[in-house]
Amino acid sequence: MEITILDFIIFILFIVGTILFGISFFSKNRDANDYTAAGGKLPAWVVGMSIFATYVSSISFLALPGNAYMSNWNPFVFSLSIPIASFIAAKYFVPFYRNINSISAYSFLEDRFGYWARAYAAICYLLTQVARIGSVLFLMALPLHTMLGWSVPTIIIVSGLCVVVYSVIGGITAVIWNDAIQGIILIVGAVTCAIVLLFSMPEGPAQLFSIALEHDKFSLGNLGTDLATPTFWVTLIYGIFINLQNYGIDQNYVQRYKTAKDDKSACSAALFGGLLYVPVSMFFFFIGTALFAYYMANPGLLPEGIANDAVFPYFIVHGLPTGVTGLLIAAICAAGMSTVSTSINSSATIILTDFFQHKKKLTDKQNMKILYGTSFILGILGIGIGLAMMSVQSALEAWWSLAGIFSGGMLGLFLLGYLAKKTRNIHAAIGVICGVVLIAWMSLSNQTMFHNYLTIVFGTILIFLVGFLMSLIIRKRGGEKD
């Protein structure tokens, strides 16, 4: 079965509808607060759906089934760590940020340690987000190229411009409402695909589970204590630290706390967005396992050369009923567009608050010009990086690695400021230097003692311990008064 006219119509309607819906919020952006925080008027469920959609990119939409197809459910342990982080966020982080008189996640760091800490975190964030925009656009284009037959550059440019249009014109309100709708589409798409696979087995649904159990496809990983492999415990600890970083210091999330209409709504949104990801990601893993069982039960149905991450896109085009294929293609786009739009708006917000507004007080008109201009530039830059990845992936992978090294210190710095009240500027700076050196060594040295999942764990712990201990030692020696 190939893509039909109906599938194309569904896909095009989704794209056009997304743009028109997004730009319809233009009139609501009266000032910078509306553009970056939606005036603090959005309902909890919409903000929660946006947080959920931020978790799911087109990469994870295809990578999670691909991983389950190749291996087992070990990465699902990452999903199981999210409720822990979301409960901590709802209880501590959300009220904390809602009480700060700034939309920036990094203004707190300046209050605690000086402007260097704020600028450091902001620059690290911008590096990772620009790389993320290009990566998502490029990796989204690859399966769409296979499914639609369009060229990769065309898909990167068209999809990128679509996101730029509604992100620039509609602001955070358009981003969050579109996130909510896109989140619903990708959930419907995933559930529909899982059901189709379940009832496509030659001998019925029970055959799927028997084949999966026979090949140990539902395993969550080794319960051993080996730190060099992604065991259950290594993956769980990694997930907790990554999600604490997401909820605690990532502008994408912090900005959403500010858009909710009150504290209760913001806490509910943080919980809802995180908890929703758990069952939805379970559907993604189930799809991968079901694909394995489906093609095991139908030998010869999968052509030679189609393997791993390419299996799911192939099934979408050749194994789903007419109309459902169009829905799944729209779902893949929805996952990618929600991620890109979020990065564009949050990055523009950081550029305004942490750099332009830090220098001098600006008028509302100046604020809006900067937000519109930087949003557009960031979107175009992301498209350019996506196109560049077609030929210079190694260079961009190196850039991504470097951005990851520096951003790895952000959670430790935040926890140091949040928990260690007597830690000062110099203590934090020494802690960050030590942490970044450790993260760089673990990332670039090809060491085999620890799995790369533990890089952020050890880096964060070292930053906190060094900064905290330095404050104790210096105070004990009488070098600094409380």
- Pair PHE87, ASN33: separation of 7 Å Cα→Cβ label points (nm): 3.5
- Query: Dividing the convex hull volume of the alpha carbon atoms of the stretch 34-192 by its residue count, what do you get in Å³ per residue?
  - Reply: 154
- Item | Only Lys, Arg (+1) and Asp, Glu (-1) charged, at Cβ; the stretch 1-121 dipole about Cα centre in debye | 440
- Taking a probe of 1.4 angstrom, what is the accessible area of ILE187 in Å², to the nearest 10? 40
- Item | Crossing angle, helix 393-407 versus the chain [Cα axis fit, 0-90 degrees, rounded to tens] | 40
- Item | Positive dipole terminus of the chain, leading residue within PHE113, SER57, LEU411 (C-beta point charges) | PHE113
- Check cross-link reach from LYS261 to the aspartates and glutamates: straight Cα distance under 13 Å, and skip same-chain residues fewer than eight apart. ASP34
- Note on the structure: The distance between the Cα centres of the stretch 32-64 and the stretch 307-333, in whole Å, is 24
- What part of the accessible area of the chain, given as a whole %, is carbon or sulfur when the probe is 1.4 angstrom? 68
- Item | Helix axis angle, 115-148 relative to the chain longest principal axis, alpha carbon, degrees | 10
- Query: So what is the accessible area of the stretch 152-200 per residue, in Å², with the probe set to 1.4 Å?
  - Reply: 27
- Task: Run the quick spin-label model on ILE184 and ASP262: label points 7 Å from Cα toward the beta carbon, then report their separation in nm to one decimal.
- Result: 2.5
- Task: Only Lys, Arg, Asp and Glu count, each charged at its Cβ (+1, +1, -1, -1), so figure out the dipole size of the chain about its Cα centre, rounded to 20 debye.
- Result: 2180
- Task: Please go through the residue pairs LYS91/LYS217; LYS258/LYS365; LYS91/LYS258 and name each one whose alpha carbons sit more than 25 Å apart in this structure.
- Result: LYS91/LYS217
- Message: I want to make sure I understand the PRE zone here: with the label point 7 angstrom from the Cα of ASP226 toward its beta carbon, which residues in the stretch 435-454 have backbone N atoms less than 20 Å away?
- Response: 446-454
- Note on the structure: In the stretch 1-125, taking the dipole from +1 charges on Lys and Arg beta carbons and -1 charges on Asp and Glu beta carbons about the Cα centre, the listed residue (VAL94, ASN72, PHE8) farthest towards the positive end is VAL94
- Please state the charge dipole magnitude for the stretch 177-269, taken about the Cα centre, from unit charges on C-beta atoms (+1 on K and R, -1 on D and E), reported in debye and rounded to the nearest 20. 380
- Alpha-carbon Rg/Rh ratio, for the chain, with Rh computed the Kirkwood way: 0.98
- Separation of the stretch 115-140 and the stretch 415-466 by C-alpha centroid, Å? 19
- Message: Per-residue counts of other Cβ atoms within 10 Å, averaged by peptide: what ranking do you get for 19-27, 222-230, 411-419, highest first?
- Response: 411-419, 19-27, 222-230
- Query: Relative to the present Cα-Cα distance, how much length would full extension add between GLU214 and LEU472 at 0.36 nm per residue of separation?
  - Reply: 87.3 nm
- In degrees, nearest 10, range 0 to 90: what is the angle between the Cα axis of helix 152-198 and the longest Cα principal axis of the chain? 50
- Quick one: P(r) of the stretch 9-87 from all Cα-Cα pairs, 10 Å bins, percents rounded to integers, in order of increasing distance. 13, 30, 30, 22, 5, 0
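The values are calculated or read from the model by the stated rules, or taken from the named source; none is laboratory data. The model shown is predicted, which means the values in this text are computed figures rather than measured ones. FYI the Cβ positions are ideal-geometry reconstructions off the backbone, even for glycines, and counts take in every protein chain you see. The protein model used for the area step is the full one, side chains on, heavy atoms only, and it has no ligands, DNA or RNA in it. Shrake-Rupley method; radii C 1.70, N 1.55, O 1.52, S 1.80 Å.
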